[in-house]
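Visitor: Supplied in structure tokens, the structure appears directly below.
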Amino acid sequence: MFQHAIVRAPSRTFAEGLTTAGLGRPDLDTVFAQHADYCAALEQCGLTLTRLEADDRYPDGTFVEDTAILTDRVAILTYPGAPSRQGEVAAMRDALKAFYSSLEAISAPGTLDGGDICHAGDHFFIGLSHRTNGAGAKQFGVVLSRHGYTSATVDIREIPQLLHLKSGLAALDGGRLVLIDALKDHPAFRGYETIRVAADELYAANCVQVNDQVLVAAGFPRVHAALRDRGYDLIVLDMSEFQKMDGGLSCLSLRF
Ligand code: CIR
């Protein structure tokens, strides 16, 4: 069960962040409203929120997931692959000191974004992407094995729709995978029960289980039906403004 989440309010410079989506410029009032709804949903799931202050220097700073990976045994600060985002880690380091006695960290020449890390129980999938490089993935794998976790890498660099591995993959109940068709044949996912997401609902693959509920983006009825059929209780959230900046549900918090 998760008890806590760390979130960071969107900054007023949010619309200047990195994006490839081509969906237009986000409307700031709507961004703040959608973020408030997201935070309320986490609280509805029983989590206590630590809210980091917005920082106008970091337009992408609200996507806190990319700055750390939190596990039962260790917290690992990342070194984000986008230079404009590397300064975001400092505020996360300060926040995590209250919860973890020791912090590990990825360092140059390694780069790694938290969005590329998906864990199913004690096993981690590490996306090799245009943000997470081989050195970062290797450093991360070494830290994991020192703490008794296993891992496998998944190269997504040839899948243009995916910024991060978790843009197309989510793990539910520690072992059931929600994944897009483009990932279905990857050997790392062999043996797992899967819920498949078709290309036209790809954005909904980035769903998040928080205790007894699953947060899922609004507007993707087939993914909603597939999850409900398996008994999941959904909280459906409008994510339109975050989608414009390539961000999904998981990116907006760190849950632990
Ligand atoms: C970026 O390009 O870094 C941000 N605009 C979006 C980050 C999304 N994060 C995530 O998927 N974990």
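Visitor: Select from segment 227-242 the residues that are touching a residue at least 12 places away in the same chain (Cβ under 8 Å) and either surrounded by fewer than 19 Cβ atoms within 10 Å (Cβ to Cβ) or in a strand (DSSP E or B) (or both) and list them in ascending order.
Guide: First pass over segment 227-242, keeping only residues touching a residue at least 12 places away in the same chain (Cβ under 8 Å): 227, 230, 232-242.
Selection gives Arg230, Asp233, Leu234, Ile235, Val236, Leu237, Asp238, Ser240.
Visitor: Grab the strands (runs of 3 or more DSSP E) fully contained in segment 176-226, keeping just those with 1 or more residues being closer than 19 Å to Ile117 by Cβ and charged (D, E, K, R).
Guide: Details: elements: 176-180, 193-197, 208-210, 213-217.
Qualifying strands (runs of 3 or more DSSP E): 176-180.
Visitor: Let me ask another. Restricting attention to segment 24-46, which residues are among the β-branched types (Val, Ile, Thr) and within 16 Å of the ligand (Cβ to nearest atom)?
Guide: Residue satisfying the conditions is Val31 alone.
Visitor: Any residue that is in a helix (DSSP H, G or I) and within 19 Å of Thr13 (Cα to Cα) - is there at least one of those in segment 44-54? Please lay out each step first, then the result.
Guide: Within segment 44-54, the subset in a helix (DSSP H, G or I) is 44.
From what's left, within 19 Å of Thr13 (Cα to Cα): none.
Among the residues of segment 44-54, not one is in a helix (DSSP H, G or I) and within 19 Å of Thr13 (Cα to Cα), which makes the answer no.
Visitor: Just give me the residues in segment 166-200 being within 16 Å of the ligand (Cβ to nearest atom) and within 15 Å of the chain's Cα centre (by Cα), in sequence order.
Guide: Passing the criteria: Lys166, Ser167, Gly168, Leu169, Ala170, Ala171, Val178, Leu179.
Visitor: Here is a follow-up. Does segment 41-52 contain any residue that is under 15 Å from the mean Cα position of the chain (by Cα) and under 23 Å from Lys244 (Cβ atoms)? Please lay out each step first, then the result.
Guide: Initial filter on segment 41-52 (under 15 Å from the mean Cα position of the chain (by Cα)): 42.
Right, trim to under 23 Å from Lys244 (Cβ atoms) and you get 42.
Yes, segment 41-52 contains at least one residue that is under 15 Å from the mean Cα position of the chain (by Cα) and under 23 Å from Lys244 (Cβ atoms).
Visitor: Quick one: His130 ticks every box in (1) more than 22 Å from Pro160 (Cα to Cα); (2) within 12 Å of the ligand (Cβ to nearest atom); (3) not in a helix (DSSP H, G or I) bar one, so which box is it?
Guide: Evaluating His130 over (1) more than 22 Å from Pro160 (Cα to Cα); (2) within 12 Å of the ligand (Cβ to nearest atom); (3) not in a helix (DSSP H, G or I) leaves (1) as the failure.
Visitor: Scanning segment 225-256 for residues that are of a type in the set (Asp, Glu) and touching an Asp or Glu at 6+ places or on another chain (Cβ under 8 Å), which turns out farthest from the ligand (Cβ to nearest atom)? So that I can check it myself, show each step before the final result.
Guide: First, the residues of segment 225-256 that are of a type in the set (Asp, Glu): 229, 233, 238, 241, 246.
Filter once more, keeping what is touching an Asp or Glu at 6+ places or on another chain (Cβ under 8 Å): 233, 238, 241.
Details: Asp233: 24, Asp238: 17, Glu241: 12 Å.
Within segment 225-256, the match that is farthest from the ligand (Cβ to nearest atom) is Asp233.
Visitor: Ok, one more. With the condition kept exactly as written, say whether any residue in segment 144-165 is more than 16 Å from the ligand (Cβ to nearest atom), crowded, with 24+ Cβ neighbours inside 10 Å and outside any loop (DSSP other than H, G, I, E, B). Quick ask: steps written out before the conclusion?
Guide: To start, the set of residues in segment 144-165 that are more than 16 Å from the ligand (Cβ to nearest atom) comprises 144-153, 155, 158.
Then drop every residue that is not crowded, with 24+ Cβ neighbours inside 10 Å, which leaves 144.
Retained after the next criterion (residues that are outside any loop (DSSP other than H, G, I, E, B)): 144.
Yes, that holds for at least one residue.
Visitor: For segment 67-108, please list each of the strands (runs of 3 or more DSSP E) lying entirely inside it that holds at least 2 residues being buried (at least 17 other Cβ atoms within 10 Å of the Cβ). Steps first, answer last, please.
Guide: Working: elements: 68-70, 75-77, 103-105.
Ranges flagged: 68-70, 75-77.
Visitor: What are the pairs with Cβ atoms under 8 angstrom where one residue, in segment 82-99, is under 17 Å from Pro10 (Cβ atoms) and the other, located anywhere, is among the hydrophobic types (A, V, I, L, M, F, W, C) and assigned to a helix (DSSP H, G or I)? Sequence gap at least six, or different chains.
Guide: Qualifying pairs under 8 Å: Glu88/Val64; Met92/Val64.
Visitor: Answer yes or no: is there a residue in segment 201-215 that is over 24 Å from Met1 (Cβ atoms), surrounded by fewer than 17 Cβ atoms within 10 Å (Cβ to Cβ) and away from the ligand (no atom under 16 Å from the Cβ).
Guide: no
Visitor: Working carefully through the options Gly115, Gly61, find the one that is within 15 Å of the chain's Cα centre (by Cα), closer than 19 Å to Phe242 by Cβ and in a loop (DSSP other than H, G, I, E, B).
Guide: Details: Gly115 fails: in a loop (DSSP other than H, G, I, E, B).
One residue alone meets the criteria, Gly61.
Visitor: Exactly one of (1) of a type outside the set (A, V, I, L, M); (2) over 17 Å from the mean Cα position of the chain (by Cα); (3) farther than 26 Å from Ala40 by Cα is unmet by Asp233. Its number?
Guide: That leaves (3) as the condition not met.
Visitor: Report, by residue number, each residue of segment 1-23 that is away from the ligand (no atom under 14 Å from the Cβ) and either more than 25 Å from Ile69 (Cβ to Cβ) or touching a residue at least 60 places away in the same chain (Cβ under 8 Å) (or both).
Guide: Met1, Phe2, Gln3, His4, Ala5, Arg12, listed by residue number.
Since every read-out is calculated from the coordinates, none of them should be taken as a lab result. Predicted model only: the values in this text are computed from it and were never measured. Reconstructed Cβ throughout: ideal geometry from the backbone, glycine too, with neighbour counts over all protein chains shown.
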